[in-house]
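Below is one structure, written out as structure tokens; the observations come after it.
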Ligand code: PEP
């Protein structure tokens, strides 16, 4: 999208230990240079590595984020982390509503919206994930689902600085299968129109990432689709070499 800085984001999911810190160092080093003037980069390691990851990237344009946050600022929620805790670790982003959270933890649009609101309250940027399942696509419901998830998961105070949308067809996540570029174009154009309807000028500038089996070999093609403002990368973000190859597709 013209006037929008693309974002290439990595989601490590439940992967990564201290042994992976070399990969974070390599990513932090690799995103420096001319391209950093044009393309933003983000890595979301597991929460256990958040603080050390921000320490390793202080001299790099690489942003560090978390993969989820609780909707409340603090309190009796054993095992959860708050948006404030992420900010306290110098994290600047948080993914909310990833399909694995929606499935594994029965997260609803309503809850995802509350999490995104908590992120904004803590001055984080929330990457709000939406996407249809294989059955929903087969039965022709894709755009209806996207419309409902977008309306339900994105807060009213969303701005292009504080909210990033990630379109991730559930059937494309971790499968090696990607939609055709025509299908990606259709979904992203639809999301853009919905965002403009709701947020006006802000909707024109909000980043819409594509996610689902992005690899070095398909990144250029997918990133070249209209209204695709970057990528959310799972598996291929675990190896610095692959993540950087995707980043350099720009
Ligand atoms: C993801 O989990 O956000 C994702 C897109 O995973 P993968 O790239 O492995 O399909």
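Side notes on the structure shown:
- Over 12 Å [Cα-Cα, the range 201-250], rounded percent: 60
- Gyration tensor verdict on the chain (Cα atoms; rounded if a/c is under 1.5, prolate if a/b is larger than b/c, oblate otherwise): rounded
- Theoretical gain in end-to-end length, residue 250 to residue 15 [0.36 nm per residue, Cα-Cα removed]: 82.0 nm
- Rounded to 0.05, the FRET efficiency of the residue 48 and residue 157 pair, given R0 = 25 Å and the Cβ-Cβ distance, is 0.25.
- The range 169-195 and the range 20-99 have Cα centres separated by 25 Å.
- Cα gyration tensor category, rounded, prolate or oblate, for the range 32-116 with a/c compared to 1.5: prolate
- Counting neighbouring Cβ atoms within 10 Å and putting the fewest first, the residues 223, 206, 14 line up as 14, 223, 206.
- Counting all C-alpha pairs of the range 108-204, share separated by more than 18 Å (%): 46
- Anisotropy class of the range 1-77 from Cα gyration tensor, a/c 1.5 cut: oblate
FYI, it's all coordinate maths here, none of it is from the lab. It should be emphasised that the depicted structure is a prediction, and the values quoted were computed from it without experimental measurement. As a convention, Cβ positions derive from the backbone with ideal geometry for all residues, glycine included, and neighbour counts pool all protein chains shown.
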